[in-house]
Amino acid sequence: MDNNTTAVSGTAADTGSAHTKPSALQVFWKRNYGAMFILLWMIGFLVFRLYPFFSSLVYSFSDFDLFKGISKWGLDNYREIFSDAKIMKSLGITFKYAFITVPLKLAFALFIAYILNYKIKGVNLFRTAYYIPSILGGSVAIAVLWKALFRDEGLINGIIRFFGGDGINWLSDPKYALFIISLLRVWQFGSAMVLFLAALKGVPADLYEAATIDGASKLRQFWSITVPMITPIIFYNLVTQLCQAFQEFNGPFIITQGGPRNATTLFSLLIYNRAFKSYEMGMASAMAWVLFIIVMVLSLIAFMSQKYWVYYGDESR
Amino acid sequence: MGEHKKKQVGTVLKYVVLILVGFIMVYPLIWMIGATFKSNQEIFSSMTPFTLHPTLDGYRNSMNDYGGQINLLRAMFNTYSFVLPRVLFTVVSCTITAYGFGRFNFVGKNVLFAILMSTLFLPNVVMNVPQYILYNNFGWVDSKLYLPLVVPSLFAFDTYFVFMMIQFLRNIPKELDEAATIDGCSSIQTLWHVICPMLRPAMVSCALFQFMWSSNDFMGPLLYVKTVEKYPATIFVKLSMDADTGFDWNRVLAVSVISIIPQLVVFFCAQDQFIDGISAGSVKG
């Protein structure tokens with residue numbers, strides 16, 4: 001209905017007839033009324049994201065305690081973060097966790113997707129099997145399972161002992177605990193794999209045919225054709241997985257509670273303890289901002305490096 | 001001939017790898033289900049999921065009360081009492097928002113779209129603390145209606161889905177909308193009669209993913225649900241693990257398995273939608 005009237009008034013204006021011209025307000029409404037569909041999102045964004053986002057920046061410069069309020073402003077929180085050995089150690093652990101988890105997960109995902117991309121019988125069955133851990137993996141139930149697998153008397157040690165080896169204290173030895181936590185996430189490579197698989201299917205077959213005629217080996221084709229063609233998805237997976245890895249909370253919180261000897265105390269656990277155990281909201285906000293800036297810097301590096309390695313086809317970016 | 005043989009070996013090798021990896025992926029889950037039927041003595045003494053002396057003790061005990069205040073079924077009821085509204089609200093609000101971004105022009109659209117995209121990459125970790133303070137000021141912490149877990153979904157809070165739906169919308173020809181407007185549909189009628197039916201696969205994916213993620217949500221309830229009777233399944237599973245590990249593993253594993261049955265059922269009924277949803281919108285995971 002809107003549009004019928006607009007059509008009429010439009011022609012009227014064009015022909016310059018004496019027909020009533022739409023007022024400026026009407027014109028504005030006509031051009032912008034679509035914005036009302038994003039109003040909900042806008043309100044949500046302002047209230048639930050933008051305001052909290054900046055308020056936490058403000059709090060980070062205070063000693064805000066949920067019960068006692070604010071008594072002091074300043075840089076104390078940030079000073080403490082960078083001078084506290086425990087916090088810095090946790091930051092180091094978080095980096096280590098991310099740099100173990102993300103490459104392993106992506107390499108696995110790409111490797112399996114690459115094999116699945118051949119004409120494999122029962123491809124859907126395999127795909128489902130690989131994908132189940134991803135869809136269930138976030139649940140507490142799976143964290144419980146992980147504990148059952150890797151506890152001292154757990155399934156994995158049972159298998160090792162069956163073959164005559166010595167059991168390993170996976171979760172109680174600081175040497176292994178972090179790796180087991182990241183293994184839980186590597187095991188969930190399914191969704192990254194589905195993305196890779198979709199990207200691989202999009203690589204034009206004639207590129208491979210041409211390369212085969214030229215005598216390029218499969219390995220050579222993989223590095224010179226496959227990888228460059230799917231760099232956008234590699235990039236996407238890299239950024240999202242990094243972002244998630246730096247925020248990992250459930251795994252260490254449920255399985256190891258940050259132990260043994262703080263070996264799995266990722267930064268988000270520390271933030272949680274400060275914020276919701278001792279209610280030091282100011283300090284927790286400052287720590288969250290430090291983590292945020294780290295993730296942003298890494299993403300920025302990734303984004304800026306795009307032009308050197310990400311191939312976006314003919315569409316220029 | 002040699003070439004042919006090499007190809008055969010390669011094919012066999014591929015299947016071996018796929019089956020081996022598939023086995024590693026699925027075996028823990030199968031073992032877990034098997035373990036729930038074992039006695040506590042037997043769980044860790046055998047590596048196979050099978051047992052010669054099956055027992056239902058784990059399942060029987062899984063129904064135990066927790067301090068008389070909560071049991072597993074109650075906790076699962078709690079979970080779905082906030083998950084289902086959240087799913088519904090997410091689908092509706094994200095569809096409307098995607099329609100606005102995908103089909104209309106308005107002042108500042110590009111800037112707003114850039115903001116929308118940047119929230120995709122905004123780590124949630126910065127948000128937990130200030131959101132908690134905000135909800136605390138609203139008096140929403142420990143609300144009986146799970147307000148902090150439900151209300152944001154009314155406002156297209158999960159921008160992944162908005163993005164996914166905009167991607168879907170791009171593949172729906174604009175001529176359909178135009179035809180509808182010529183037939184006299186208002187923009188809202190067009191959304192309802194033209195866009196929604198075409199967008200249905202995306203809406204289904206959105207609902208499915210939100211269902212999974214919300215059912216798995218641990219951090220949200222951990223922060224905002226303080227009353228034991230209102231605990232959802234995720235918190236209940238964690239509680240029973242903390243209380244019973246060391247001696248009552250079959251109960252703990254049975255509790256875990258039961259708690260994810262609804263998700264397993266949904267997944268197996270709709271696996272293709274999950275896969276399509278991921279590929280279409282590049283959803284996180």
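Quick notes
- Of A:LYS72/B:LYS238; A:LYS175/A:LYS201; A:LYS201/A:LYS307; A:LYS89/A:LYS147, pairs whose Cα-Cα distance is over 32 Å: A:LYS72/B:LYS238; A:LYS175/A:LYS201
- Karplus 3J(HN,Hα) series, Hz, for the stretch A:95-100 with 6.51 cos²θ - 1.76 cosθ + 1.60 (x for Gly, Pro): 4, 4, 4, 5, 7, 8
- Inter-part distance, the stretch B:14-42 to the stretch A:139-153, computed on C-alpha centroids, equals 13 Å.
- Summary value for chain A: 25 percent relative contact order, contacts being C-alpha pairs under 8 angstrom separated by 6+ residues.
- Helix B:196-216 axis, angle to chain B major axis (alpha carbon atoms, nearest 10°): 40 degrees
- Take each residue in A:26-39, count the other chain C-beta atoms within 10 Å of its C-beta, and the mean is 5.
- Whole-Hz ³J(HN,Hα) from phi, Karplus 6.51 cos²θ - 1.76 cosθ + 1.60, for the stretch B:29-40, glycine and proline x: 5, 5, 4, 4, 5, x, 4, 5, 9, 9, 7, 4
- The H on the amide N of A:THR264, modeled in the peptide plane, is under 5 Å from the matching H of A:GLY259, each at least 5 residues off or on a different chain.
- Backbone HN-Hα couplings from phi across the stretch B:74-80 [Karplus 6.51/-1.76/1.60, Hz, Gly and Pro as x]: 4, 5, 5, 4, 4, 3, 6
- With a simple spin-label model that places each label point 7 Å from the Cα along the Cα-to-Cβ direction, the separation between A:MET304 and A:ASP76 comes to 3.5 nm.
- Interchain or long-range residues, amide H under 5 Å from B:TYR66's placed H: B:ASN71
- Packing rank of B:214-226, A:283-295, where each peptide gets the mean count of other beta carbons within 10 Å, highest leading: A:283-295, B:214-226
- Think of it as helices only: each DSSP H run of n ≥ 4 in chain B is worth -39500 (n - 2.57), and spread over all residues that comes to -22500 deg cm²/dmol at 222 nm.
- The GluC sites (Glu not before Pro) of the stretch A:217-317 that meet both conditions, a loop assignment by DSSP and at most 14 other Cβ atoms within 10 Å of the site Cβ, are A:GLU315.
- Residue order, fewest to most surrounding Cβ atoms within 10 angstrom, among B:CYS185, B:CYS196: B:CYS196, B:CYS185
- Note on chain B: with a GNM built from Cα contacts shorter than 10 Å, the maximum mean-square fluctuation among B:LEU122, B:LEU199, B:LEU154 falls on B:LEU122.
Each value in this text was obtained by applying a stated rule to the coordinates, not by laboratory testing. Being a predicted model, the structure only gives us computed values, none of them experimental. Note that each Cβ is placed from the backbone with ideal geometry, even for glycine, and that neighbours are counted across all protein chains shown.
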